[in-house]
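Down below is the structure, laid out as structure tokens.
Where a number appears in this text, it was derived from the coordinates with a stated rule and is not lab data. These numbers were taken from a predicted model, which means no experiment stands behind them. Neighbour counts run over all protein chains shown; Cβ positions are idealised from the backbone, glycine included.
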Amino acid sequence: MAHDPNCIFCKIIEGQIPSRKVYEDEDLYGFHDIAPWAPVHFLLVPKKHIASMAQLTPEDAGVMGKLMTLAPRLAAENGCNPYPEGGFRVVVNTGAEGGQEVHHLHVHVMGGPRPWLRG
């Protein structure tokens, strides 16, 4: 599996940097954001180092489908209220102009009682 020894998320996945784990399997790792924007805020990342959404290939479709179908279950397990009254937000920042700060593809899952949600 591709790994970047200089990537902070690769180091988290490898256990070199501590995290508050939400989920782990052979393809994905999930952990709480260290600077949450919402009452529930965690990241889901592929274990394979992919720099951004722009670098996805057809080979990555399976893991990304798995990630997106896992997000609702983990959101509920971590405190997000059920849809449609509750819910959650999924955000993927891509590239410098898209606000991406760590260049390892990651999906933010955020939710919980308002007023954190704006726009």
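Scanning the stretch 10-31 for residues that are among the small types (Gly, Ala, Ser) and buried (at least 19 other Cβ atoms within 10 Å of the Cβ) turns up just one, Gly30. For the structure I just gave you, tell me whether Met68 is over 22 Å from Gln16 (Cβ atoms) and exposed (fewer than 14 other Cβ atoms within 10 Å of the Cβ). In short, yes.
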